[in-house]
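Here the structure is laid out as structure tokens; the discussion comes afterwards.
The values are calculated or read from the model by the stated rules, or taken from the named source; none is laboratory data. Computed from a predicted structure; not experimentally measured. Cβ: placed from backbone, ideal geometry, glycine included. Neighbour counts: every protein chain shown.
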Amino acid sequence: MPEVSSKRRKRSQSRSSAKLNVSIKTEFPSRIFSPFRSIGYVANHVPFDIRNRGKQYLVATCCAKLNLLFVTSRTKYDITAIVSHGDHFFAANGNVISAFKRGKEDFRLNAGNTGVIKHIIIFGDFIVAATDRDHLVTWKIKSRGIRHLRTPSKCEEIHSHVGLKSNSQITVLEHPSTYLNKIILGKSDGTFEIWNIKTGKLRYRSQLFGKAVTAICQSPVVDIMGIGLQDGSIIVHQIKADQTLMRFKQEEYVTSISFRTDGHNIMASSNSKGDISLWNLQTKKINHTFYNAHNGEICRIYFLNGQPLLLSSGTDNSLQEWIFDSLDGTPRLLRSRGGHHAPPSKIRYYGADAHYLLSASKDRSLRGFSAYRDSQSQELSQGSLHSKSKSLKIQIDELKLGEIINVASCPTREKDWDNILTAHKNDTAARTWNWSRKVMGKHAFKTNDKTPVSAVALSLCGNFGFVGSAGGIVDVFNMQSGIHRKCFNHVLDGHSKGITGIVADSLTKVVITSSLDRTVKFWEFKTGTLIKTITFPAAVNLMQINQSSELIAVASDDLSLRVIDTETFKCVRELWGHQNRITDFTFSSDGRWLISASLDSTIRTWDLPTGHLIDAFKVPTICTSLDFSQNAEFLATTHIDSLGINLWTNRAQFKHVSTRHLSESEIAVIELPSISGENGIGTLEAAFETPEDKDDNPNSFQALDQLASGLLTLSLVPRSRWQSLLHLDVIKQRNKPKEPPKAPEKAPFFLPSLRDTQLGLHEKNQKVTPTKELISLNSTVMKFESKFTELLRLGAGEDDYTFFLEHLKTLSASSADFEIRSLNTNTLSEEFQWFVSSLTRQLRNKRDYELIQAWMAVFLKAHGDIIMTQCDVNTITTLEDWMLEHEKERARLSKLAGYCRGVIGFMRGQ
């Protein structure tokens with residue numbers, strides 16, 4: 001809610017804990033993106049309300065969802081009326097009036113089964129509501145005032161309820177000043193009625209005015225009201241005598257009336273075309289008509305008390321403030337807040353900080369929206385259109401450039417010259433814009449073949465603008481001077497149909513173009529010669545490049561996304577899954593993700609290294625454009641019937657995202673973000689959110705068994721451990737001290753050493769006790785068996801060396817070397833045979849290949865001389881079995897490695 005004062009109050013946000021009753025399923029929520037909030041909404045068809053706070057005036061407006069000074073929760077139904085009183089704002093939705101205080105719902109007033117509330121008025125201790133079924137419902141608030149109600153669940157009882165028994169409907173509700181307990185009802189039959197809400201009785205019915213009453217306003221004089229009719233008539237009426245004092249006429253029906261209260265006898269009226277008329281009540285003539293003040297119907301106009309300021313809001317999603325400071329009494333626009341009044345068609349983040357979003361809409365405007373502060377959002381100027389529309393008496397939209405179908409920007413040289421380029425529908429020239437001054441630039445780049453512009457792009461250096469035409473030609477212009485530099489249009493090598501995408505590499509050495517003729521062409525920028533042409537099975541509609549990875553992605557009519565490596569000119573990924581035409585897609589800044597939207601109402605995220613669909617969700621309305629911020633914080637989307645831009649929080653910044661492929665059955669419908677951000681997840685909430693899906697939790701991973709008998713499984717032992725085992729002698733030699741350790745200097749004779757101190761304390765505090773034997777030893781033979789030897793012997797007895805090998809994996813390099821060197825050589829080399837058999841068995845199972853080679857190398861190095869001189873026949877046979885299995889596995893592995901090397905070389909084109 002904007003604040004009409006020089007002293008701006010900061011927008012504060014408070015979230016309501018009330019949960020919404022939505023019917024959208026969220027059984028499988030999005031793994032990555034969560035709704036955050038919507039931007040770009042200011043006002044709609046519901047009239048605003050004014051709250052006076054001393055020298056400050058607070059304006060309450062309504063959008064498709066509630067958004068006040070303090071961000072509130074959303075109402076269950078669409079809001080039909082807003083009114084303020086004390087510290088509360090009242091919003092009518094359905095048959096309920098919700099009272100909000102400082103952004104939180106304080107209590108509700110329920111009108112029962114009387115219909116949808118259309119009008120609200122508050123005066124004295126009464127709240128009066130009129131429904132679409134012609135019922136008047138009144139609630140009485142205690143004399144101590146509404147502001148003292150603290151209980152959120154408190155719901156006041158209905159004071160009176162009157163059902164109007166007439167064929168006409170209530171169109172306007174107003175309270176005449178100084179009339180105790182009285183209200184005026186404007187009727188669709190061209191009359192007004194005065195009712196006493198305390199007694200619930202009709203006090204007076206006026207004469208017929210001929211047309212339906214559409215607006216009623218209290219004048220500064222008691223008993224005199226301004227009444228607007230459907231035929232454009234404005235009547236200044238004395239209600240006490242039921243007498244018409246003045247009568248005026250304007251075009252279209254009257255939507256609102258307001259009287260100036262700063263000493264000038266001026267009355268303002270608005271109509272459904274967006275015009276504001278000013279009437280002089282002293283001369284009974286029109287002073288001025290401001291045509292096309294809004295692009296659409298004006299919902300309400302209001303003169304601030306005692307000030308030459310007029311507020312107006314309309315269905316064009318804007319709120320404007322006009323000041324009367326000229327000598328001829330005509331107003332000028334002082335300040336305004338607005339957004340698109342038609343759905344956006346193309347959005348792109350501007351710059352790496354992701355502060356602003358460039359948004360092009362069907363209303364022919366180009367706007368820059370701030371993702372953090374709504375007050376910094378504004379429209380890029382196309383000249384003095386207000387004065388032109390005023391003199392020509394036509395809509396401002398008719399004077400603007402055509403609808404923007406494509407937009408490109410580069411912040412590199414934004415302070416030097418124009419740095420935004422746009423393509424317009426059915427226009428043969430691309431237009432430049434200056435972001436620093438927020439105005440349209442001075443250049444218009446016309447296509448060489450006189451066909452409409454279909455695609456635009458800018459080089460990363462900001463010096464060159466690329467303009468693609470519907471005839472298949474790409475022209476290059478200098479952004480500073482506007483001079484035409486070159487044209488990519490060889491008669492034999494050029495595109496035969498319209499250009500759909502233009503991108504340039506980071507050094508502007510290669511320019512890549514896509515076309516409806518099913519081709520993507522690579523051009524050398526310096527010479528303009530064709531380097532490579534790639535043909536696809538279907539027409540290419542969109543193309544994007546990721547500068548960090550030098551990958552380009554194209555969307556085709558066959559509903560596929562293809563990713564191409566610009567170095568090898570090979571298609572490295574084909575992504576299938578969309579059920580309808582792809583409307584837009586974007587890369588993540590690191591080039592790992594590709595996010596796409598389609599006419600099937602889904603938004604999908606693809607993991608390019610694996611080619612998996614790692615996230616997908618369906619939205620209630622079709623997504624027309626999307627973009628991912630460079631800092632990977634937000635995903636921005638626009639939708640086919642939405643005037644705003646929706647922001648989605650990227651939870652992957654704070655939680656692990658599984659690369660498991662998502663099935664179609666796991667795609668759920670997710671509600672769009674709200675304007676207030678209620679139930680949205682911001683960056684802080686995402687940081688502390690715990691993973692909900694067990695598959696997405698990295699701690700829930702379990703190692704799988706061997707996938708197939710033909711595969712070779714390596715060990716999970718750190719590489720440093722088994723590599724150190726092979727070179728342990730070198731490591732020990734390198735770490736050997738170069739000189740013997742030196743004895744520490746003796747302390748002075750008068751200072752006892754630490755050893756002497758400890759011995760003294762020990763002798764003083766403890767008595768010497770005789771040593772007890774803790775271990776009984778055999779007098780003849782002392783046997784000791786390590787865990788290594790014990791597990792090896794048990795494994796040989798059970799013919800299963802699993803536990804022995806698992807224990808060996810846990811040993812450090814020095815411990816494993818010591819155990820292998822300590823194998824017993826006295827008992828016919830049985831331990832030699834057991835150890836070699838365990839390694840042969842593991843090699844036959846195709847497991848722990850590199851670890852087995854390291855252990856065998858240490859074994860042969862330590863016991864090779866003994867094996868050659870003292871081993872028996874059984875040991876030799878065991879070693880021969882190892883040699884056969886080892887040679888067999890080595891040959892198989894060498895063949896597989898050679899095959900993979902050949903395939904990779906073929907893919908690289910070597």
Going by what's in this entry, would Leu860 be described as in a helix (DSSP H, G or I) and either among the acidic types (Asp, Glu) or surrounded by fewer than 19 Cβ atoms within 10 Å (Cβ to Cβ) (or both)? yes
Select from the stretch 75-111 the residues that are closer than 24 Å to Ile184 by Cβ and in a loop (DSSP other than H, G, I, E, B) and write down the one among them that is nearest to the chain's Cα centre (by Cα). Asn95
Restricting to the stretch 122-136, name every residue that is out of contact with any Phe, Trp or Tyr (no Cβ under 8 Å at 6 or more places or on another chain), surrounded by fewer than 19 Cβ atoms within 10 Å (Cβ to Cβ) and not in a loop (DSSP other than H, G, I, E, B). Phe123
Would it be correct to say that Phe126 is within 40 Å of the chain's Cα centre (by Cα), within 14 Å of Glu157 (Cβ to Cβ) and of a type in the set (Phe, Trp, Tyr)? no
Before we move on, is Val657 under 25 Å from Ser548 (Cβ atoms), in a loop (DSSP other than H, G, I, E, B) and hydrophobic (A, V, I, L, M, F, W, C)? yes
Name the one entry in Asn280, Asn271, Asn292 that is closer than 25 Å to Asp325 by Cα and surrounded by fewer than 19 Cβ atoms within 10 Å (Cβ to Cβ). Asn280
From (1) surrounded by 15 or more Cβ atoms within 10 Å (Cβ to Cβ); (2) over 30 Å from the mean Cα position of the chain (by Cα), pick out the condition that doesn't hold for Phe466. (2)
So, of the residues in the stretch 716-741 that are in a loop (DSSP other than H, G, I, E, B) and of a type in the set (A, V, I, L, M), which turns out to be nearest to the chain's Cα centre (by Cα)? Leu716
Could you tell me which residue of the stretch 422-443 is farthest from Leu507 (Cα to Cα), considering only residues that are in a strand (DSSP E or B) and touching a Lys or Arg at 6+ places or on another chain (Cβ under 6 Å)? Ala429
The stretch 196-214, residues that are aliphatic (A, V, I, L, M), surrounded by fewer than 17 Cβ atoms within 10 Å (Cβ to Cβ) and in a loop (DSSP other than H, G, I, E, B): Leu208
Picking from Ala703, Ala632, which residue would you name as being part of a loop (DSSP other than H, G, I, E, B), at pLDDT 85 or above and of a type in the set (A, V, I, L, M)? Ala632
So which of Thr810, Thr869, Thr878 is over 23 Å from Val717 (Cβ atoms) and either surrounded by fewer than 13 Cβ atoms within 10 Å (Cβ to Cβ) or of a type in the set (A, V, I, L, M) (or both)? Thr869
Kindly list, by first and then second residue, each pair from a residue in the stretch 465-484 that is under 16 Å from Gly441 (Cβ atoms) to a residue that is β-branched (Val, Ile, Thr) and part of a loop (DSSP other than H, G, I, E, B), limited to pairs with Cβ atoms under 9 Å and residues at least 6 apart or on different chains. Val467/Thr447; Val467/Ile473; Phe477/Ile483
Name the one entry in Ile394, Ile405 that is in a strand (DSSP E or B), aliphatic (A, V, I, L, M) and either touching a residue at least 40 places away in the same chain (Cβ under 8 Å) or closer than 28 Å to Thr624 by Cα (or both). Ile405
In this structure, does Phe585 turn out to be among the aromatic types (Phe, Trp, Tyr) and closer than 19 Å to Val510 by Cα? no
Are any residues in the stretch 158-188 under 16 Å from Asp134 (Cα atoms), outside any loop (DSSP other than H, G, I, E, B) and of a type in the set (D, E, K, R), and if so, which ones? Glu174, Lys187
So is Asn580 surrounded by fewer than 21 Cβ atoms within 10 Å (Cβ to Cβ) and free of Cβ contacts under 8 Å to residues at least 60 places away in the same chain or not? yes
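Condition check ((1) of a type outside the set (S, T, N, Q); (2) within 30 Å of the chain's Cα centre (by Cα); (3) outside the structural domain of Arg485 (by TED's automatic domain parsing); (4) surrounded by fewer than 22 Cβ atoms within 10 Å (Cβ to Cβ)) across all residues:
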{"position": "Ser359", "(1), (2), (3), (4)": "no, yes, yes, no"}
{"position": "Lys362", "(1), (2), (3), (4)": "yes, yes, yes, yes"}
{"position": "Tyr372", "(1), (2), (3), (4)": "yes, yes, yes, yes"}
{"position": "Ser377", "(1), (2), (3), (4)": "no, yes, yes, yes"}
{"position": "Cys410", "(1), (2), (3), (4)": "yes, yes, no, no"}
{"position": "Trp433", "(1), (2), (3), (4)": "yes, yes, no, no"}
{"position": "Lys450", "(1), (2), (3), (4)": "yes, no, no, yes"}
Considering only residues of the stretch 593-627 that are among the charged types (D, E, K, R) and farther than 14 Å from Arg562 by Cα, which is surrounded by the fewest Cβ atoms within 10 Å (Cβ to Cβ)? Lys618
May I ask you to list the residues in the stretch 788-810 that are more than 10 Å from Ser838 (Cβ to Cβ) and touching a residue at least 24 places away in the same chain (Cβ under 8 Å)? Phe788, Thr789, Arg793, Lys809
Return the residues of the stretch 379-408 that are surrounded by fewer than 18 Cβ atoms within 10 Å (Cβ to Cβ) and small (Gly, Ala, Ser); say none if nothing qualifies. Ser381, Gly383, Ser384, Ser387, Ser391, Gly402
